[in-house]
Each structure stands twice: as C-alpha cells, then as structure tokens.
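First comes the structure, then the notes that go with it.
The values are calculated or read from the model by the stated rules, or taken from the named source; none is laboratory data. The structure presented is a predicted model; accordingly, all values stated were derived computationally and were not measured. All Cβ positions, glycine included, derive from the backbone under ideal geometry; neighbour counts span all protein chains shown.
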There are 2 protein chains.
Amino acid sequence: MTPVKNSPLVRKLSAFVALSEAELAVLDHLHQRRRTFLAGRDLVHQGQSEQAAYILSAGWVCSYKLQPDGTRQIVDFQIPGDFLGLRSVLLRTSDHSFEPLTDIQAAEVLKGDLLDAFTHTPRLAMAVLWAASRDEAMVVEHLVGIGRRNAEARMAHFLLELASRLALVGMGSREGYDCPLTQYHLADALGLSAVHVNRVLRQLRENGLVTFRDGHVSIHDHEGLIKLGEFDPAYLDQDGPLVR
Amino acid sequence: MTPVKNSPLVRKLSAFVALSEAELAVLDHLHQRRRTFLAGRDLVHQGQSEQAAYILSAGWVCSYKLQPDGTRQIVDFQIPGDFLGLRSVLLRTSDHSFEPLTDIQAAEVLKGDLLDAFTHTPRLAMAVLWAASRDEAMVVEHLVGIGRRNAEARMAHFLLELASRLALVGMGSREGYDCPLTQYHLADALGLSAVHVNRVLRQLRENGLVTFRDGHVSIHDHEGLIKLGEFDPAYLDQDGPLVR
C-alpha cells in the first residue's frame, strides 16, 4: 500500500494547507480501514442510511442518482484522493449511489473518526471543508454546463476538469491521462445520448483538439480546448497551499 | 436585532446538532459584524478573491454565475440561516456572485473566525460541514432537475424545497410562504424562459396544486405537488438533531 504521506488525499489537501506532522498522523489514522471493492458493485445505495464515508486511494468511481423513471444522472466521477459519500456520513440518508468503475481501494471513515480528527486538528477540518466546497463548485459547474453550454463546450470543459483534477494527484498532465470512462458514462454525466457523445468526440478529434480512444485522453490543443469549453480552473483552487 | 439563540442559523444547525452553551457563544461571536446590504447590489462578485463569507440573518439572496455569452444561471437562492460564500472564503476565488433580492442583514465571517470557531468547538465544524453538504445536495438536486425533470416537475420540486427550507427556519409551512422571487428568477434558476415559467405556473394553479401570486406561494395540494415533483425531502436532512 502507498504510504499515506504520498497518498492522493494528502497531495490534494496540500493544495489547501501545508500539513503538519500531527495532521499527517491523523490522516494516516483515517486511512486505517482500507479495503478493496470490485468494479460494478455499489458501495453506497441511494436511500441507505447510517453510512460510512470512504477515502478513495486507487481506482475510479461514479456517483449517480436514479430517477423514478429509471434514467440515471451521473453527478460526478471520483478519482484517488476524493471522498466518497462525505455527505452520506453527515446527512442521514444517502442522496445518491456510488459505483466503482474499476476495482478500487478505499478506506472507511465513520462519523466518530471525523469528529475525533476535527477535535485534534481543526486545520484539517478546514481542509475537509475546503475539499467539500471544491466538490460543490464542481457540481455547480456541471449544473451551469447542462443549463447553458452546448454539447461540444460541455465535453471540452469536462475533459479539462478531469485533466486538472488528475494532475493534482499525479495521475495526468495537460497532455493527457488514462481514463476508464465509456461513452455511456459520458452521456449520463453530460445529459447527452451515447450517439451524441460519439459524434461530439469525433468532432473534437477532427478539429485537432482532443482524442479519447482506448482508455486514454490525448489533448492535442490545450489552448483551443480551453477556449471552446470556456474553462477557467479557478473553481478547482489548486494553486495552493493557501494556509501555511 | 434577533438574539442569536433564536437566529435562523441556530435553528438550522439545531437540525444537525444539539448545540451546547459554548457552541451557542461561538455562534454569537460569529454574528458580531452584522450589516445591512441593499437589494440589487452584489455582495460578492464572481472572480473576486480574498472574500469574506456571510451568515444571512434576514432577507433573500440569489447566487448565480454569469456565462461569457451574458446569460445567467442562478445556482440557488439563500434564505435566513444560510451561509453566503462559504466556498469563497475557502476557495481562493469566488466562483459565483451573490445578489440580495431584498434588503438583507448579514454578518461577515473571515477565514480566521472560522478557524477559531473550529478550534474551540469541533462539533460546530461538523455542523458547518453538514450545512455545506446540504447545500451541495441541493445543487445536485437542481442538476438532476435540469438534466432529467420536465418543466412542471422541476417547478413543483423547487417550490416544495423552498417550503421545507423556510419551515426549518420558521418562515413558512406546508400551506405556503412569502416569496419575493419573480418569474425571471424562476426562469434563470430552472433553465426555462420567463414565458414558459408563466405557463407552468398557470398549469399548476389550474390543476389545483399551487398558486404563486403577489409574493406568496399557496400550496393547495401538498401530496399532489410531491407526486408531480417526485419530491423526497431526505436530502434536506432536517429531522434532527443527529448529534446530541
């Protein structure tokens, strides 16, 4: 297992706060109950109560809501360093489900663990609130995307957001990244049909902007993609640390 | 001014945690820099940095994002007891703007105030994280609404969500509530045109479900509206307190 000091969560929170030895020790403790979960088996079901949260340390997960008519809206994808279900541990009932898209490694975190951590390291409480705020800022961006951006701009914005998030935890760069998502995932996240996703991706490739093929995203024209997606990474707030 | 013990924020956080005297004192301290802001003058501009957050104690606010093409997506409305710009104080740059829709009263909260509060009262840190999680759950619901619900269901869901939120802070009930929003606000929040909003509201009224007129929402058929909007209030998590 990865030593916690090099864990994705530590890399991510370091964008907000320069972590002390004591804070690293608390994060280490939060990682103690690590488990492997298999692709395709939900960790948390919508409507379940008394949930744990998880810190994802390897693999990809999607969070989604099922509508009564059976359609699925993917709310976001989680990558290493992200919390799964932080809302579920605080709100009594999980308002959405989590499905591992690959086999994953995740550490279980209970409400008591969080309260202990916050008691001993208030700056860590701020950092977790920062991470939650950043998650919310992403959902807001997706809301704006579905409400106001056309399909090409939405896709461009989405692929750039993933590039930035993955770069922060050492899993990609502005040149590209490995990505296990299918066109069905993209469709359910962006509010498009799979056929439309296919057409949009072909268009972006033919315009020399980006290629998504065989589980890899290759960004050919970073500036062009930013312009198309009207992507301003300020909401990801990862030029830290802010608190020293 | 309202004594802080009866403040909307205290009422709201009490749905999560049974607040102690010490915690109430810290909340009192957070309310010390109270000011009045006039309707129509933005508190926080998108892209501004080094922001304070605010605790709203009276009046209505909307948070929105301007798109480069000049269109506006309203992300949410804030009512008494809500934080304004909690994200802005943690993320370096505000990712959205806040406009008071009425004259409001709000208390300024700086990053240092939050860190102090968290240091002395870790349960309050949990409560603030709970409130932030609830805000995020609302944005997720709006995302699902715009992505997957038709116009009537979206409006029904929206009006019921406001009813629940307002009831929690003592400003309404399932029979109805005062509401200063215009059809333009509803349009920009729900991703509809103002004409469409008008038509949807007429439809809901003619079907005997709800009337929104002269600044007041009258709910005639609560069950019928819940069914139409597929509204499940679990994500608002206000049956507390969870932590005693």
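Under the condition of being at pLDDT below 85 and of a type in the set (Lys, Arg), which residue from region B:110-148 is farthest from B:SER20 (Cα to Cα)?
If we take residues in region B:110-148 being at pLDDT below 85 and of a type in the set (Lys, Arg), then B:ARG148 is farthest from B:SER20 (Cα to Cα).
Could you check how many residues of region B:230-239 are free of Cβ contacts under 8 Å to residues at least 40 places away in the same chain and more than 19 Å from B:GLY147 (Cα to Cα)?
Number satisfying all stated conditions: 1.
Which numbered condition in (1) out of contact with any strand residue (DSSP E or B) (no Cβ under 6 Å at 6 or more places or on another chain); (2) farther than 22 Å from A:ASP76 by Cα is the only one that B:GLY176 fails?
(1) is the only condition that B:GLY176 fails.
Would you please list the contacts, defined by Cβ atoms under 6 Å and residues six or more apart or on different chains, that run from a residue in region B:205-229 that is exposed (fewer than 15 other Cβ atoms within 10 Å of the Cβ) to a residue that is of a type in the set (Val, Ile, Thr)?
B:SER218/B:THR211
Go through (1) surrounded by fewer than 19 Cβ atoms within 10 Å (Cβ to Cβ); (2) assigned to a loop (DSSP other than H, G, I, E, B) and name the single condition A:GLN51 misses.
Condition (1) is where A:GLN51 drops out.
Before we move on, is B:LYS65 out of contact with any Gly (no Cβ under 7 Å at 6 or more places or on another chain) and modelled with pLDDT of 85 or more?
The answer is yes for B:LYS65.
Tell me, yes or no, whether region A:87-99 has at least one residue that is acidic (Asp, Glu), surrounded by fewer than 24 Cβ atoms within 10 Å (Cβ to Cβ) and farther than 23 Å from B:ALA117 by Cα.
Checking region A:87-99: at least one residue is acidic (Asp, Glu), surrounded by fewer than 24 Cβ atoms within 10 Å (Cβ to Cβ) and farther than 23 Å from B:ALA117 by Cα.
How about region B:62-79: which of its residues are within 8 Å of the chain's Cα centre (by Cα) and either surrounded by 22 or more Cβ atoms within 10 Å (Cβ to Cβ) or over 15 Å from A:VAL140 (Cα atoms) (or both)?
If the condition is that a residue be within 8 Å of the chain's Cα centre (by Cα) and either surrounded by 22 or more Cβ atoms within 10 Å (Cβ to Cβ) or over 15 Å from A:VAL140 (Cα atoms) (or both), then B:PHE77, B:GLN78, B:ILE79 are the ones that fit.
If you check A:ALA156, A:ALA53, A:ALA125, which single one turns out to be small (Gly, Ala, Ser) and in the same structural domain as A:LEU204 (by TED's automatic domain parsing)?
Unique residue meeting the criteria: A:ALA156.
Exactly one of (1) over 28 Å from A:LEU9 (Cα atoms); (2) more than 14 Å from chain B (Cβ to nearest Cβ); (3) touching a residue at least 40 places away in the same chain (Cβ under 8 Å) is unmet by A:VAL195. Its number?
(3)
What strands (runs of 3 or more DSSP E), lying completely within region A:71-162, carry at least 2 residues that are at the interface with another protein chain (Cβ under 7 Å from one of its Cβ atoms) and in contact (Cβ under 8 Å) with a residue 40 or more places away in the chain?
In region A:71-162, A:72-78 are the strands (runs of 3 or more DSSP E) which contain 2 or more residues that are at the interface with another protein chain (Cβ under 7 Å from one of its Cβ atoms) and in contact (Cβ under 8 Å) with a residue 40 or more places away in the chain.
Among the residues of region A:21-30, is there at least one that is in contact (Cβ under 8 Å) with a residue 60 or more places away in the chain, outside any helix (DSSP H, G or I) and either under 16 Å from the mean Cα position of the chain (by Cα) or not assigned by TED's automatic domain parsing to the domain that holds A:LEU181 (or both)?
No, region A:21-30 contains no residue that is in contact (Cβ under 8 Å) with a residue 60 or more places away in the chain, outside any helix (DSSP H, G or I) and either under 16 Å from the mean Cα position of the chain (by Cα) or not assigned by TED's automatic domain parsing to the domain that holds A:LEU181 (or both).
Would you mind stating whether A:LEU186 is crowded, with 23+ Cβ neighbours inside 10 Å, in contact (Cβ under 8 Å) with a residue 24 or more places away in the chain and within 14 Å of chain B (Cβ to nearest Cβ)?
yes
So which residues in region B:200-221 are assigned to a helix (DSSP H, G or I), of a type outside the set (S, T, N, Q) and touching a helix residue (DSSP H, G or I) at 6+ places or on another chain (Cβ under 8 Å), if there are any at all?
Passing the criteria: B:VAL200, B:LEU201, B:LEU204.
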